[in-house]
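What follows is a short report on a single structure.
Every number here is computed from the coordinates shown, using simple stated rules; none is lab data. Keep in mind the model is a prediction, meaning the values are calculated, not measured. Methodologically, a virtual Cβ is constructed for each residue, glycine included, from the backbone with ideal geometry; neighbour enumeration extends over all protein chains shown.
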Amino acid sequence: MFRDAFSPSGRIRRLEYGLSYLAYFFGLLILQLVLGPNDNNNFLVAVFDVVFFSLLTWFLLAQGTKRCHDRGKSGWYQLIPFYVFWMLFADGDAEENAYGPNPKQLLRR
């Protein structure tokens, strides 16, 4: 689980995708708790904020792309409004598709 978390290639199951969302929101929570409101206009804090937020966003987009691949779709499908719910609750392709083998079958080996 979470192998190559920042890479958009491959396929992941619903569980890993759901945990990715939880990790994303937990990271945002930590970011807000640690940095708090940026009232003092500190440049280093702002740079850290942008870098950390960018990493979190890239992580979530990469995981979303892999979940789209599990459904046999392009990663661009995750930009469709409310498609995230379809990715959370719909089952992936049972067999190998153009994006790789079924992640459930990889666990059974």
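If the requirement is being of a type in the set (D, E, K, R) and in contact (Cβ under 8 Å) with a residue 12 or more places away in the chain, which of these qualifies: Arg71, Arg3?
The match here is Arg71.
Taking the options Phe59, Phe52, Phe48, name whichever one is among the aromatic types (Phe, Trp, Tyr) and surrounded by fewer than 16 Cβ atoms within 10 Å (Cβ to Cβ).
Exactly one of Phe59, Phe52, Phe48 is among the aromatic types (Phe, Trp, Tyr) and surrounded by fewer than 16 Cβ atoms within 10 Å (Cβ to Cβ), namely Phe48.
Among the residues of the stretch 10-22, are any touching a strand residue (DSSP E or B) at 6+ places or on another chain (Cβ under 6 Å), closer than 20 Å to Glu96 by Cβ and either among the hydrophobic types (A, V, I, L, M, F, W, C) or surrounded by 15 or more Cβ atoms within 10 Å (Cβ to Cβ) (or both)?
yes
Among Leu61, Leu56, which is the only one that is touching a residue at least 24 places away in the same chain (Cβ under 8 Å), in contact with a helix residue (DSSP H, G or I) (Cβ under 6 Å, 6 or more places away or on another chain) and part of a helix (DSSP H, G or I)?
Criteria check complete, one pass: Leu56.
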